[in-house]
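The structure appears below as structure tokens.
What follows is calculated from the coordinates using simple rules that are stated; it is not laboratory data. These numbers were taken from a predicted model, which means no experiment stands behind them. Cβ: placed from backbone, ideal geometry, glycine included. Neighbour counts: every protein chain shown.
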Amino acid sequence: MSDPIPADPVLAVDGLSIAFQTRRGLLPAVRDLSFSVGRGEMLAIVGESGCGKSLTALALLGLVPTPGRVTGGAVRLEGRNLLALDEAALRHVRGARISMIFQEPMTALNPVLTVGEQIMEAILEHEPVSRKAARERTLALLERVRIPDPARRFAEYPHRMSGGMRQRVMIAMALAGAPAVLVADEPTTALDVTIQAQILSLIDELRREQGTAVVFITHDLGVVSRYVDRVLVMYAGRKVEERDTRDLFADPFHPYTQGLIAAQPRGLIAAQPRGLAARSQADARLPGVARERLTEIPGTVPALAAMPPGCAFAPRCPLADDLCARTVPPPRPAGSGLVACHHAGESHAI
Amino acid sequence: MLTYLRRSAAQLVFVLLGIALINFFLLHLAPGDAAQVLAGESGAATPEYMEALRRQFGLDQPLYIQFLRYLGNLATFDLGYSFRQSLPVSELILQRLPATLLLMGTAIGFALVAGCSLGFLAARRAGKLTDTVISIVALLFYATPVFWVGIMLIVVFSVILDWLPVGGMTSVEANLSGLALVGDVALHLVLPAVTLGLFYLAIYARLMRAAMLEVYGQDFVRTARAKGVRPRRIAWRHVLRNALLPIVTTLGVQLGSILGGAVLVETVFSWPGLGRLAFSALFQRDLNLLLGILFCSSVVVVLVNIAVDLVYTLLDPRIELG
């Protein structure tokens, strides 16, 4: 079993807490979240809408939008705590050492500037190079993300491009400063399935070649399972499980993770839980077998204002008892990682 | 581009036809005609004299004949004859048009530059003291009647401080020429242009602030911040250009209505422009002159709107003409 914490992490998040400022006080959205990513490593943060994963992604760049604000913890990028930096210092880190791509490539690019200008800007804002040199590098970047005919595309406006092309432009922009960490917030969600695969393998290829660490935010386990090294499962603002990808799919410990995996359409997942894998082999032997219904997790994520005192998943959990309702389960070592559940490991050893 | 211009030219013809029709019949709905006003002013008139006047001006013809005749004249750029001023309408308009265009242009230019700057500043300091002060001042200008602002400015800057002339376009006593004349007109222009401009300035300041703040919430601004772009550059390069689009739209709409504002300001400052001419034409039932002025300003409005469309394409690459 490998160590879940990389020996020399590029990015180390420690006890990060984010809350929304409301009239009735602070409403915690992310609580005491810790994780780290090593050079060239790809970590997925998985969870349902509203679990705080996108907020976490923005916090890594110091971009949490009001009324949200970071209420505690540290985000150490190459040893430096970004949360302690002022806006001016933070600006020099963003786009240079850590950069981000977003979910909606349609709205994430400025409609009145050419894509070339927008990529060049990422270079010119950080490095004292001439416009000519920046242009050369931009063309190389466009080529790098496999945009055909870069010289022509350079002068094109975003609305002339498809969603996949725009996401490639976003990736080129994010890589312009050769950052140590790339944060990808659901970058494939708005794209067609075939384009999704292309964008994913592009990100995977770039991190292998450049050693960029990737934090990949997604609600869809199946999409990333082939590429990521480790998976962090979030539920209602907390980390509930963090494991090496292979282990997680083979033997998920947390009931929520089990539910998430069972809710995935099969075939998309490379490594499947033991039981399911055996069944799919049976399906393959018997053509014409009726497809199984997807299992869904009953209930919904509790609202931020109505968080239960104990385990946030307890109201939806088949294993929940009094203990779960009273106390928040602390994270404990489990296999190649951590799990935060009172009952994990009861059916079999972890 | 050429296709667009050709199509707008074709549209222009129909628009002008519609304008001519509406103007003509609206004005004929008003009671009384030029013959009655003339007769009234001369104190007494026999019905025979009125008949003769009407025959002379073609006012005895059925309305549709009068309209067709009016259209025929328009087609040959003949705007008719002002029987009150005993001058061709086109000559009267051409005499007054430059003064009005100068006033309107200066007022709108002042309002645009100052209003947008204030709005820009307010948006960048949103929620701070600067923003509050700008918003309150803009609201004040917006809510104060134009003629009252004009009179107050005269009282302060002309009467009390004696910095600027009370009214008119040039100094009567001096016979200036060349650069001195330009300076003299500019001095006379300050108060009326500021008076007319303040109201529009308030609109642009409020609009600019709102548009900027809306653009600040867009995803691409977040992208720019994520790339580490300086806040100043984000404001100028990413936000401003996108925020200018609603400004241009409003500008197009307002250039049409500003003639209405010009009537008041020209009256207060005795500025020899089209607004005052229209005002007196209305009261003197000088139908030909009034029609001519309305028609001319309609043409200006239509042309301005075409220009606005063209400016759009410069600002926003997503909009394509054709």
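Taking Cα centre as origin and charging only the Cβ of basic (Lys, Arg, +1) and acidic (Asp, Glu, -1) residues, the dipole magnitude of chain A rounds to 380 debye. Separation of segment A:90-113 and segment B:284-322, taken as the distance between their Cα centroids, equals 40 angstrom.
If only the Cβ of Lys and Arg carry +1 and only the Cβ of Asp and Glu carry -1, the dipole of the protein assembly as shown around its Cα centre is close to 1160 debye. Projecting label points 7 angstrom from Cα along Cα→Cβ for residue B:306 and residue B:78 puts them 2.5 nm apart. Seen from all directions on average, chain B presents a Cα convex hull projection of 22.2 nm².
Take every DSSP beta bridge with both residues inside the protein assembly as shown and express the antiparallel ones as a percent of the total, to the nearest 5. Bridges in the protein assembly as shown are about 65 percent antiparallel.
Counting only other residues whose beta carbon sits under 10 Å from that of residue A:19, what net charge do I get with K and R as +1, D and E as -1? The partial results should precede the final answer.
Numbers: positive: A:31, A:69; negative: none.
Counting the neighbours of residue A:19, the net charge comes to +2.
Of the residues A:85, A:106, A:34, the one whose Cα sits farthest towards the positive end of the charge dipole of chain A is A:106 (charges of +1 on Lys and Arg Cβ, -1 on Asp and Glu Cβ, taken about the Cα centre).
Measuring r between the beta carbons of residue B:63 and residue B:16 and using R0 = 25 Å, the FRET efficiency lands at 0.80. Summing charges over neighbours of residue A:31, with a neighbour being any other residue whose Cβ is under 12 Å away from its Cβ, gives +1 when K and R count +1 and D and E count -1. Centre-to-centre separation between the Cα atoms of segment A:177-194 and those of segment B:188-222: 38 Å. Give the shape of segment A:197-263 as rounded, prolate or oblate, defined through the alpha-carbon gyration tensor: a ≥ b ≥ c are the square roots of its eigenvalues, a/c under 1.5 means rounded, and otherwise the shape is prolate if a/b is larger than b/c and oblate if not. Prolate.
Note on residue A:198 and residue A:296: the model spin-label points, each 7 Å out from Cα along the C-beta direction, lie 3.3 nm apart. Note: segment A:9-228, Cα convex hull, 125 Å³ per residue.
The calculated FRET efficiency for residue B:283 paired with residue B:182, based on their beta-carbon distance and R0 = 22 Å, is about 0.10.
Here the relative contact order of chain A, from alpha carbon pairs under 8 Å that lie six or more residues apart, stands at 20 percent.
Take the eigenvalues of the Cα gyration tensor for segment A:60-182, scale each by 5, and report the square roots as semi-axes in whole Å, largest first. List each step's numbers first, then the result.
On the way: eigenvalues 152, 56, 28 Å².
After diagonalising the Cα gyration tensor, the semi-axes are 28, 17, 12 Å.
Beta bridges per DSSP, both residues in chain A: antiparallel share near 60 percent. Counting only lysines at least 8 places from residue A:53 when in the same chain, those with an alpha carbon closer than 25 Å to its own are A:239, B:227.
Going by alpha carbons, how many degrees (0 to 90, nearest 10) lie between the helix axis of B:2-29 and the longest principal axis of chain B? That works out to roughly 50 degrees.
Between the listed residues A:217, A:336, A:262, the Cα displaced farthest toward the positive end of the dipole of the protein assembly as shown, a dipole computed from Cβ unit charges relative to the Cα centre, is found at A:336. In chain B, the longest principal axis of the Cα atoms and the axis of helix B:274-283 are about 40 degrees apart.
Order these by the 10 Å Cβ neighbour count, fewest first: A:107, A:22, B:144. Walk me through the numbers on the way to the answer.
Working: A:107 17, A:22 11, B:144 14.
Ranked by crowding around the Cβ, least crowded first: A:22, B:144, A:107.
Using just its DSSP H runs of length 4 or more, each adding -39500 (n - 2.57), chain A gives a mean residue ellipticity at 222 nm of -9000 deg cm²/dmol after division by all residues.
A Förster distance of 56 Å, applied to the separation of the beta-carbon atoms of residue A:85 and residue B:49, puts the FRET efficiency at 0.05. Helix-only arithmetic for chain B: the sum of -39500 (n - 2.57) across DSSP H runs with n ≥ 4, divided by the residue total, places the mean residue ellipticity at 222 nm at -25000 deg cm²/dmol.
Here is the size of segment B:159-252 from its Cα atoms: Rg then Dmax, 21.1, 65 Å. The magnitude of the dipole of segment A:47-148, with charges of +1 and -1 set on the Cβ of Lys/Arg and Asp/Glu and taken from the Cα centre, is near 220 debye. Computed from backbone phi, the HN-Hα couplings of segment A:105-118 come to x, 5, 10, 7, 10, 6, x, 9, 10, 5, 5, x, 4, 5 Hz, rounded to whole numbers (Karplus: 6.51 cos²θ - 1.76 cosθ + 1.60, θ = phi - 60°; Gly and Pro given as x).
The long axis of helix B:287-315 is offset from the longest Cα principal axis of chain B by roughly 20 degrees. What residue among B:178, B:109, B:273 has the largest mean-square fluctuation in a Gaussian network model of chain B, using Cα springs under 10 Å? Checking each option, the largest mean-square fluctuation is seen for B:178. May I ask which residue of B:267, B:291, B:224 lies farthest towards the positive end of the charge dipole of chain B, with charges of +1 (Lys, Arg) and -1 (Asp, Glu) on Cβ and the Cα centre as origin? After comparing all options, I get B:224. Of interest is the spacing of the C-alpha centroids, which for segment B:94-173 and segment B:48-72 amounts to 44 Å. Relative contact order of segment B:90-315: 30 percent, from C-alpha pairs under 8 Å at least 6 residues apart in sequence.
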